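Written below as structure tokens is the structure these notes are about.
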Amino acid sequence: MKLLVRVVEARGLPAVHLNGSSDPFVKLQLGKRRAKTAVVKRSLAPAWDEEFSFLVGDVAEELVATVLNEDKYFSNDVLGRVRVPLAGVMETEDLSLGTAWYQLQPKSKKSKKKCRGEVCLRISLSTRTHVPDESQSVPHPASDDLASSSDRSVENKDATLSTTSSYIDLSAVASMDRASHSSLERLVDADQTIRSSIEQAATEPGAAADNDAMANPSSVVEVLSRYFFGKPVDAPAPSVASDTESVDQFQESKMCSEDRETPEKGTSSESSLDDLLKIMESKDQGSEMPGNLPGGVLIDESYVAAPAELNSLLFSPHSDFWPAVAELQGTSGFQIEPWKLDNNDTCLQRTLTYTKAASKLVKAVKATEEQKYLKAAGNSFALHSVVSTPDVPCGNCFKVEILYCITPGPQLSSEEQTSHLTISWRVNFVQSTMIKGMIENGAKQGMAEGYAQFSEVLSQRLKVAELDDANSNKEKILASLHAQKETGWRLIVRFLGNFTFILSVIIALYVIAHLHLSKPDVMHGLEYFGLDLPDSIGEVVVCAILILQGQNIVKVIRRFLNAWKQRGSDHGVKAHGDGWLLTVALIEGTGIIAAGSSNLFDLYVVFTCNAKRKTSSIKFQASNPKWNEIFEFDAMDDPPSRMDIAIYDSSEPFNEVPIGHTEVNFLKNNLSDLTDIWLPLDGKCDQASNPKLHLRIFLNNSRGTEVVMNYLAKMGKEVGKKIHLRSAQTNAAFRKLFNLPPEEFLIDDFTCHLKRKMPLQGRLFFSPRIVGFCSNIFGRKTKFFFLWEDVDDIQVIPATLSIGSPSLMIILRKDRGSEAKHGAKGTDHHGRLKFHFQSFVSFNDAYRIITAIWKIRALGPEQKGEVIEKDELKELQSEEGGSLFTHGDVKMSEIFSSVLSVDVESLMEMFSGGPLEHKVMQKAGCMEYSATEWELVGCNIQQRQISYKFDKNLSRYGGEATTTQQKYALVYRDGWAIEEVMTLQGVLLGDYFSLQLKYHMTNVPLKPNTCSVQILLGIAWLKSTKQQKKVTKNVISNSSNRLKELFAEVEKEFTSRNDFSSETKCSGVSFSITPDHPVL
């Protein structure tokens, strides 16, 4: 498509030369394409009557016509300009604005001279593939850098341009709807002349230079995106009648295609699809379902319908699904062949052809689609579709492949059948092409838009299986578990009702009876009073047996008392609160025996998640214990990352190493897989017996998106600024990047460098549970993530001369983060991984967010208590020391100290805002001075903002200053303190540092109407510079001198007014630190 512009004439142009005339010419621009007219000498009403043509690559562009005055020695003067959007041209019925006068607008809105004259233009759009004859007869010069040329160009160039414009016209408007057939990619059709023009461009050396499609990548991407389901720009909404006609036409085409088929082996009627699928299933060799195509997944959804029902809806000839999609997308002319089996009866296939609706910008385009069943066995179906459009630009170079996979879906509590539909795609290049990336990008945009409409129509026909429905069987599963609680009598029988214990009791009773009946005998041998030794070998044996039996009785009684004490568990304790609810069902264990021994354990399990613990009951002397116990964790504000599971032996002290342990990582496991899982155990257990635990784990969010918003609000309080929820698209891309579960969301991300042997630029991502880094340098991707719970320490490395901003060192706990080891800078002497991040664009923002999340997620209860104590201490210190200074490492030095003949209360009136304050500040050289009212921002702390400009006498560079002040009363002294932070704008090196001042003003004891003033100054360097020492020296020197002059003037004012004070303010003291030093 071409835009034709005829520049007719102009009138009322302003005079530029001293003789009252101008040398005007017109410069036209459309996107990156330019052209200009001839120069008319000494005229204010020139006439050109020249016509130009531009290749249109994007209908959103606008034509800019600028009238200039030619200047041979300097730059041309702009007389005026006019902008005409192409959208306005397209809205007309004949695609023409006709001949019209346009008022010229000045180049800048600040221009004083508004009258710029008028220019007469004739603007129209042409969809013809050749340049009008009348334009060929008009001579006109061509600009050197034109992407579109004037019609006055040489005739052979005109022919080339005409061919190229046809190529762009037909491709740029190939906006096709996304609909037509199930999975089709609807590639557009261009005219047959496109291929001849491309071949001509390849054979003629000069043709490639005029090919605009190659020169404008953005337009080519848009063109290609319209090839794939692009909606026609001006396609009118179909009426009821037209909709009916479309459906009839669709069904009619199917019937016609069937009637043309001859009854042979491979053909069948519409009603025989199920029979053909059964034949194909009988030949199936047990092949697996194919994997998703690498281009990406377009649809991944579950529907309440049997897989066979969904397959019939999408691919049966009887289905009315595709006519509905055709109505939405404007596709027509369907020619659908019947399903046919190949010669081996192992593959079912058919061919479809259809035509995309013509729009105002593009003619109707045809596409061919070949569909083939790869698998049809039971409730699993896989269909592969290949869409080709050989007539579009480079259409012979690629084909679009689409894969439909239908499998059984999740089980619902209603016991309804569900099916899972996955549609993936890719672009298969059969020949090499220079615009491969443009084709892929355009196809990606079009496919995403097209299958959004496909999913919309499908969701109207079938109910989407919600995740909550899939998890609604939780209660049903848990209700089937019945834990047998052991009573006290059963426990007594278990431990004390054995032969050994009963025999030991009988022997003990026998010995007691013997002692009662026997009488003391005469002492023999080495016996003496109180010591009765055995008198024979038989008595020695009996004593040994009694001692061993006594040890057994003591051991049994100790185990019984320990079991009686720990016979309860957390089974059945209901969770409280709303948020993230974690439910764990402990079913059973297998193969839990001691390594190298036949001894059995008294087993119980401890679950730990987010610093909360749940303990099971004890199963005594069991290698395959069965619990059937349910544990519910109280609602958590933070989503859990990991759950630790440890098995202990109750006969051993609790602080010993567990006999077996494992963990559940919620970021690496799908929640649906956790509903029934066997976990292998590591530790003291005999690994040859394959020890495992059988668990059912359920995690859900009872507050929906509210818990996310509450989390972000809590984070905002910690950080000190509001954190907004990212868009659904951004969160989806973040989850896909690191393969995270759907409940994860992005908090913030920052550009930085990962320091290893060579710095690696990338982005650092923060979410509630992970810290992730991703880099893609020349196609080489580096990405990793680790859990916040694994972070052991975060250190700040000060800025250096080579790195102008501080760096962050994140240290993980020992034996943690092994998956991210390739991104670590190294390990410390404790064997902990270290990650070094530097060159943040905004280090302070990144550090605040990192420390806030770490404090919430990674710190244990004791560490959090220490942080809370430190925060409380800071709050107490803020009453004495303020909280305005964010750079705690800034060295403060005294620059002014004096005793004034005025009390503190009177001096503080200088900070209240009033005539005295403005008078003093104006004398100090601060112009346009303004200050806000004091506002309470904390406990006894008030704050206000001040801004002013510097007089030329104060700073030869001028500039502005913005100041924030806080004031608070001193607790242990009679006086006030004021903290001030000043930033400079428009000053040399002003963005390299900020100034911090602190004023201490106290009354002098035993001296009425006298106060002491002390002022400290510090410079917070934001960037490094070689002039740092020189700037610091000059700022301190000049600030000290100006403060002396200022307070002398203030004291003089109070003295001259006989201690009558006006409302004044001394915040202007801050001006004295400004740029009155040689460097600034």
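The values are calculated or read from the model by the stated rules, or taken from the named source; none is laboratory data. This is a predicted model, so every value here is computed, not measured. For neighbour counting, all protein chains shown are included, and Cβ atoms are generated from backbone atoms with ideal geometry for every residue, glycine included. The accessibility values were calculated without ligands, DNA or RNA, using every heavy atom of the protein model including side chains. Shrake-Rupley method; radii C 1.70, N 1.55, O 1.52, S 1.80 Å.
Just to be sure I understand, how many residues within segment 936-954 are in a strand (DSSP E or B) and more than 37 Å from the chain's Cα centre (by Cα)?
Final tally of qualifying residues: 7.
Anything in segment 292-337 that is among the polar types (S, T, N, Q), open to solvent by less than 40 Å² (accessible area, probe 1.4 Å) and outside any strand (DSSP E or B)? List them, or say none.
ASN311, SER316, SER319, GLN329, THR331
Scanning for something modelled with pLDDT under 85, open to solvent by less than 10 Å² (accessible area, probe 1.4 Å) and within 39 Å of the chain's Cα centre (by Cα), does segment 1068-1076 turn up at least one residue?
Scanning segment 1068-1076 turns up no residue that is modelled with pLDDT under 85, open to solvent by less than 10 Å² (accessible area, probe 1.4 Å) and within 39 Å of the chain's Cα centre (by Cα).
Could you count how many residues in segment 272-285 are free of Cβ contacts under 8 Å to residues at least 12 places away in the same chain and part of a loop (DSSP other than H, G, I, E, B)?
1
Residues are listed down the side, and each one gets a yes or a no for (1) of a type outside the set (Lys, Arg); (2) farther than 15 Å from VAL899 by Cα; (3) in contact with a Pro (Cβ under 7 Å, 6 or more places away or on another chain); (4) at pLDDT 75 or above:
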position	(1), (2), (3), (4)
GLY975	yes, no, no, yes
ILE978	yes, yes, no, yes
TYR992	yes, yes, no, yes
PRO1008	yes, no, no, yes
LEU1017	yes, yes, no, yes
ASN1034	yes, yes, yes, yes
THR1055	yes, no, no, yes
PHE1060	yes, yes, no, no
PRO1078	yes, yes, no, no
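Which ones in segment 1007-1030 are under 26 Å from LEU1046 (Cα atoms) and assigned to a loop (DSSP other than H, G, I, E, B)?
LYS1007, PRO1008, ASN1009, THR1010
Is it fair to say THR932 is modelled with pLDDT of 75 or more and under 39 Å from the mean Cα position of the chain (by Cα)?
Considered against the rule, which asks whether it is modelled with pLDDT of 75 or more and under 39 Å from the mean Cα position of the chain (by Cα), THR932 comes out as yes.
Looking only at segment 22-56, count how many residues are out of contact with any Asp or Glu (no Cβ under 7 Å at 6 or more places or on another chain), of a type in the set (Gly, Ala, Ser) and open to solvent by less than 10 Å² (accessible area, probe 1.4 Å).
Matching residues across segment 22-56 total 2.
Residues ILE794, ILE810: which one is open to solvent by 10 Å² or more (accessible area, probe 1.4 Å), at pLDDT 90 or above and within 19 Å of THR851 (Cβ to Cβ)?
None of the other options fit; the residue is ILE794.
Every residue, every condition in (1) open to solvent by 10 Å² or more (accessible area, probe 1.4 Å); (2) more than 19 Å from PRO741 (Cβ to Cβ); (3) of a type in the set (S, T, N, Q); (4) assigned to a loop (DSSP other than H, G, I, E, B), yes or no:
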| position | (1), (2), (3), (4) |
| --- | --- |
| ASP638 | yes, no, no, yes |
| MET643 | no, no, no, no |
| PRO658 | yes, yes, no, yes |
| THR662 | yes, yes, yes, no |
| HIS694 | yes, yes, no, no |
| VAL708 | yes, no, no, no |
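Confirm whether VAL8 is surrounded by fewer than 21 Cβ atoms within 10 Å (Cβ to Cβ), modelled with pLDDT of 90 or more and of a type outside the set (Asp, Glu).
yes
All but one of (1) under 36 Å from the mean Cα position of the chain (by Cα); (2) modelled with pLDDT under 85; (3) assigned to a strand (DSSP E or B) hold for LYS366; state the number of the condition that does not hold.
Single failed check for LYS366: (1).
Considering only residues that are touching a Leu at 6+ places or on another chain (Cβ under 7 Å) and either without any contact (Cβ under 8 Å) to a residue 12 or more places away in the chain or assigned to a strand (DSSP E or B) (or both), look in segment 403-424 and name the one that is farthest from GLY296 (Cα to Cα).
Going through the qualifying residues, I end up with SER419.
Test ILE803 against the criterion of being at negative phi, surrounded by fewer than 20 Cβ atoms within 10 Å (Cβ to Cβ) and touching a residue at least 24 places away in the same chain (Cβ under 8 Å), and give yes or no.
For ILE803, the condition - at negative phi, surrounded by fewer than 20 Cβ atoms within 10 Å (Cβ to Cβ) and touching a residue at least 24 places away in the same chain (Cβ under 8 Å) - is met.
Out of the residues in segment 550-601 that are assigned to a loop (DSSP other than H, G, I, E, B) and in contact with a helix residue (DSSP H, G or I) (Cβ under 9 Å, 6 or more places away or on another chain), which is modelled with the lowest pLDDT?
ARG567
Of these, SER947, SER901, SER893, SER930, which one is surrounded by fewer than 19 Cβ atoms within 10 Å (Cβ to Cβ), within 20 Å of ALA1048 (Cβ to Cβ) and of a type outside the set (Lys, Arg)?
Just one listed residue meets the conditions, SER901.
Within segment 738-784, restricting attention to residues that are of a type in the set (A, V, I, L, M, F, W, C) and open to solvent by 50 Å² or more (accessible area, probe 1.4 Å), which residue is farthest from the chain's Cα centre (by Cα)?
MET758
In segment 98-116, what residues are open to solvent by less than 80 Å² (accessible area, probe 1.4 Å), of a type outside the set (Phe, Trp, Tyr) and either assigned to a strand (DSSP E or B) or modelled with pLDDT of 90 or more (or both)?
Scanning segment 98-116 gives GLY98, ALA100, LEU104.
Test GLU62 against the stated conditions and say whether it is within 55 Å of the chain's Cα centre (by Cα), over 14 Å from VAL119 (Cβ atoms) and open to solvent by 30 Å² or more (accessible area, probe 1.4 Å).
Yes.
Could you say which residue among VAL64, VAL89 is under 24 Å from GLY12 (Cβ atoms), outside any loop (DSSP other than H, G, I, E, B) and at pLDDT 75 or above?
It is VAL64.
Cβ-Cβ distance below 8 Å, separation of 6 or more or different chains: which pairs start in segment 76-91 with a residue that is without any contact (Cβ under 8 Å) to a residue 12 or more places away in the chain and open to solvent by 20 Å² or more (accessible area, probe 1.4 Å) and end on one that is part of a strand (DSSP E or B) and of a type outside the set (Lys, Arg)?
These pairs meet every condition: ASN76/LEU68; ASN76/ASN69; GLY88/LEU97.
Within segment 796-833, how many residues turn out to be under 24 Å from ASN610 (Cα atoms) and either in contact with a helix residue (DSSP H, G or I) (Cβ under 8 Å, 6 or more places away or on another chain) or in a strand (DSSP E or B) (or both)?
Matching residues across segment 796-833 total 7.
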